[in-house]
Amino acid sequence: MPNLVVAEELDLLAKVSALLSDLPRSRTASEAPIVRELEHLRAVILSGDEAKDISTLTEQYHHQSAVLQQLRSAGEVPRVDPGSPYFAHLRLREDGEERDLCLGRATCIERGIRIIDWRDAPISKIFYSYQQGEDYDEEIAGRERIGQVVVRRMVRIRDGTLERIQAPEGDFSPDASRADGWRHDKPIKPRLSGGEAAALRVFGPGEGGARRLGSAGEGETVRADKRLPEITGLIDPEQFELITRPSSGFLVIRGAAGSGKTTVALHRVAYLAFDDPSIDGPDTMVVVFSRALRSFVSHVLPSLGLRNVRIASYREWAADERRRHFPKLRVCERIDTPALAQRVKLHPFLAVALEQWVSRTPGEPSREQALEDWCSVLAEDSLLQEVCRTTAPGAFSSREIARFCDWHRDRLEEVRAAMAGEDGVYVELDPEDDALLLRAWQLRVGPLRGRGRHPLELRHIVIDEVQDFSPLEVQVLLGCLAPNSSLTLAGDTQQHVINHSGFTSWREFFAQLGVSGTEIDTLSVSYRSSREIVQFATSVLGDLFEEDEPPASPRSGPPVELFRFGDRGVCIAFLADALRELAAAEPLASVAILTPSVAASEAYFQGLERCELARLRRVTDQNFSFTAGVEVTEVEQVKGLEFDYVVLVDVDRSRYPDTPLARRVLHVGATRAIHQLWLTSVGMPSPLVADLWARES
């Protein structure tokens, strides 16, 4: 005899299969339950019951009306797939009666069988919010529902065959060698753990000598603020040597993710300010790639006693300087820029073309002439063709450059009208145009202007994540350095994810900047992530990995794991359970759910929101909280940041193909994790995680 759990699931599947085989296609998504819910909602709303939230009920009514209208207007309504009709089974007890519910990807309520689309049905909230055996008390569609979850199971059904049951009673799978045909394993619940009472970057006994980074000792509390910590007392000898280099000249720091590049660069500013207090002033600037990274490092400099150093994202700084130098140019950001235009504007050959144009074209050293230089070079087809052919052969075809020039030529009159002072004329610019305009000023007029009309001369500049800046953007900053000043560049070519910035290698980058003989110092120890995460992230890079050996990591942790699902709804339920358990065990943990696209982020956030996870946040514009909780965002937004736990979702073949860019993006996402890294896949996993896939199978 099969186990009772198996027997119940086989019986349920048989009933569902029989029903679906009998029903015509048009009836598998019945509108009857929606009509009943609408009638009930309408009655409650019209009753005027002050104890009810009428605005919420009205919103539910409009939502369900839209669903009903969609069903009635569609040529073919969504049909339950007989091969995989549902992925979860609930049994609820209310008022002494029990009923079964199945969660799937479409709705069918017929003959006592209830299959509910997990995305739309309010009742699915119970599945995502409660465990087997728990009592619930929820208001759903205006009705108070009080009961108990008698059964909560996840199932895998493929081609109409039950292949797996996951339940609190155990994990069941077919096994022909057993008498009842089923294997029964104890439930092994994957668990996120390792962060509580251990803070950031912890060494276990014997793993880091006496050197412990950010650990919480007896009587200490775990860090609630997840921004970059100040770790002056924990700097290692290799880092200290870089921090204490002579004050003038270039310092280039290369290192793997988590090796302390940013920390070293910021501590170097504090070291220089000790000998020269004027370094702690507005003439020192730390330039980062994004607003999120600016916020992440914002607490470090004040903790080092530096109160007046400016931290800015490059885009913010360049926009401010463009407004100061071209005050008549009233600008709004363009939203319809072709990808080709961005690629050309970031490419190093355009900087060369701008220099050649200014050197060949007579003109007054004025802002009007600098603006005209910018306007002209973007439309000068023959010059761009010539420079591209000689300095970057093959980067763009003649046809692409012609298209680029034609597109800009159509917009130049708007710019000239705005500069002429015409009322109400605004110019649409790309963010990349700010650097081009500032560079045109430097070439035509001279140094950018600081306070008073004096030249803008910075004593020290730190540029973090420099591999994702274009050479022209860095040239603009170099043009702001005072004599005998210093510059610190920190970066890692293996984290180069801005595909069109023009960065190819350190050697070419320095050649494009006109800086020769610059020495590169490498940090070789990764302190952020565990050894297992570092090894995985290195393997993802494949041939892109530039060193002889992976970076060392002083501590070990849980293995990197890949979880495969047949449906996103199952994945969300799995994550909700794990995250709920983590929140109870480690309330100060920070978790990042990293997706490959905005659409995927919305889907995962909405799904997890239905599960009523505490401190769940959707990050849409790098507005990270740097506090405990779960943040859902795209992997590109987390560059330079770190989290206690990271889950990379939808690591599928279509999202992460075997390309250099996909390898780097996956590497960046993986190396954001401090304690533990999970990956999930819905469908065929990416070839980049083949080792994990083989191990999981």
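The values are calculated or read from the model by the stated rules, or taken from the named source; none is laboratory data. On a predicted model such as this, the values are computed, not experimentally measured, just so you know. Using ideal geometry, Cβ is built from the backbone for each residue, glycine included, and neighbour counts are taken over all protein chains shown. Ligands, DNA and RNA are excluded from the accessible area calculation, which covers all protein heavy atoms including side chains. Shrake-Rupley method; radii C 1.70, N 1.55, O 1.52, S 1.80 Å.
Could you please find all residues in the stretch 675-697 being open to solvent by 20 Å² or more (accessible area, probe 1.4 Å) and in contact with a helix residue (DSSP H, G or I) (Cβ under 7 Å, 6 or more places away or on another chain)?
Within the stretch 675-697, the subset open to solvent by 20 Å² or more (accessible area, probe 1.4 Å) is 682-684, 687, 690-691, 693-697.
Hits for the stretch 675-697 are Val682, Asp691.
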The conditions are (1) modelled with pLDDT of 90 or more; (2) loosely packed, with under 13 Cβ neighbours inside 10 Å, and Gly112 fails exactly one of them. Which is it?
(1)
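Criterion first (touching a strand residue (DSSP E or B) at 6+ places or on another chain (Cβ under 7 Å), among the basic types (Lys, Arg), in contact (Cβ under 8 Å) with a residue 12 or more places away in the chain and open to solvent by 40 Å² or more (accessible area, probe 1.4 Å)) does Arg143 satisfy it?
Numbers: touching a strand residue (DSSP E or B) at 6+ places or on another chain (Cβ under 7 Å): no; among the basic types (Lys, Arg): yes; in contact (Cβ under 8 Å) with a residue 12 or more places away in the chain: yes; open to solvent by 40 Å² or more (accessible area, probe 1.4 Å): yes.
It is false that Arg143 is touching a strand residue (DSSP E or B) at 6+ places or on another chain (Cβ under 7 Å), among the basic types (Lys, Arg), in contact (Cβ under 8 Å) with a residue 12 or more places away in the chain and open to solvent by 40 Å² or more (accessible area, probe 1.4 Å).
Is it true that Glu386 is of a type in the set (D, E, K, R), part of a loop (DSSP other than H, G, I, E, B) and open to solvent by 10 Å² or more (accessible area, probe 1.4 Å)?
Details: of a type in the set (D, E, K, R): yes; part of a loop (DSSP other than H, G, I, E, B): no; open to solvent by 10 Å² or more (accessible area, probe 1.4 Å): yes.
Considered against the rule, which asks whether it is of a type in the set (D, E, K, R), part of a loop (DSSP other than H, G, I, E, B) and open to solvent by 10 Å² or more (accessible area, probe 1.4 Å), Glu386 comes out as no.
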(1) open to solvent by 30 Å² or more (accessible area, probe 1.4 Å); (2) within 24 Å of the chain's Cα centre (by Cα); (3) not aliphatic (A, V, I, L, M) all hold for Gly607 apart from (1)
Report yes if some residue within the stretch 638-651 is of a type in the set (Gly, Ala, Ser) and closer than 22 Å to Gly542 by Cα; otherwise report no.
yes
Applying the selection to the stretch 427-478, what residues are over 35 Å from the mean Cα position of the chain (by Cα), of a type in the set (Gly, Ala, Ser) and open to solvent by less than 10 Å² (accessible area, probe 1.4 Å)?
none
When the residues of the stretch 107-165 are filtered to those that are assigned to a strand (DSSP E or B) and hydroxyl-bearing (Ser, Thr, Tyr), which remaining residue is farthest from the chain's Cα centre (by Cα)?
Thr161
In the stretch 644-661, what count of residues is obtained for those that are open to solvent by 10 Å² or more (accessible area, probe 1.4 Å) and of a type outside the set (S, T, N, Q)?
7
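Scan the helices (runs of 4 or more DSSP H) fully inside the stretch 233-350 and keep the ones with 2 or more residues being surrounded by 22 or more Cβ atoms within 10 Å (Cβ to Cβ) and among the hydroxyl-bearing types (Ser, Thr, Tyr).
Numbers: elements: 237-243, 261-275, 291-297, 300-303, 314-325, 339-346.
In the stretch 233-350, the matching helices (runs of 4 or more DSSP H) lie at 261-275.
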Only one residue in Arg618, Arg672 is open to solvent by 20 Å² or more (accessible area, probe 1.4 Å) and either at pLDDT 95 or above or not hydrophobic (A, V, I, L, M, F, W, C) (or both), so which one is that?
Arg618
Could you tell me which numbered condition Asn623 fails, if it satisfies all but one of (1) under 27 Å from Trp118 (Cβ atoms); (2) in a loop (DSSP other than H, G, I, E, B)?
(1)
Please verify whether the stretch 47-65 includes one or more residues that are at pLDDT below 70, open to solvent by less than 80 Å² (accessible area, probe 1.4 Å), of a type in the set (A, V, I, L, M) and under 21 Å from Lys125 (Cα atoms).
yes
What residue, of Ser382, Ser397, is modelled with pLDDT of 85 or more, within 34 Å of the chain's Cα centre (by Cα) and among the polar types (S, T, N, Q)?
Ser397
Scanning the stretch 412-426 residue by residue, those more than 22 Å from Ser359 (Cα to Cα), open to solvent by less than 60 Å² (accessible area, probe 1.4 Å) and at pLDDT 70 or above turn out to be Val415, Ala417
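Name the residue, out of Arg36, Arg93, that is assigned to a strand (DSSP E or B), modelled with pLDDT of 65 or more, of a type outside the set (Ser, Thr, Tyr) and open to solvent by 20 Å² or more (accessible area, probe 1.4 Å).
Numbers: Arg36 fails: assigned to a strand (DSSP E or B).
The unique qualifying residue is Arg93.
Being hydrophobic (A, V, I, L, M, F, W, C), farther than 30 Å from Arg164 by Cα, out of contact with any Lys or Arg (no Cβ under 9 Å at 6 or more places or on another chain) and open to solvent by 10 Å² or more (accessible area, probe 1.4 Å) narrows it down to one of Phe545, Phe574, so name that one.
Details: Phe574 fails: farther than 30 Å from Arg164 by Cα.
One residue alone meets the criteria, Phe545.
Residues Arg555, Arg564: which one is open to solvent by 50 Å² or more (accessible area, probe 1.4 Å) and either farther than 19 Å from Pro685 by Cα or among the charged types (D, E, K, R) (or both)? Spell out the reasoning first.
Numbers: Arg555 fails: open to solvent by 50 Å² or more (accessible area, probe 1.4 Å).
Criteria check complete, one pass: Arg564.
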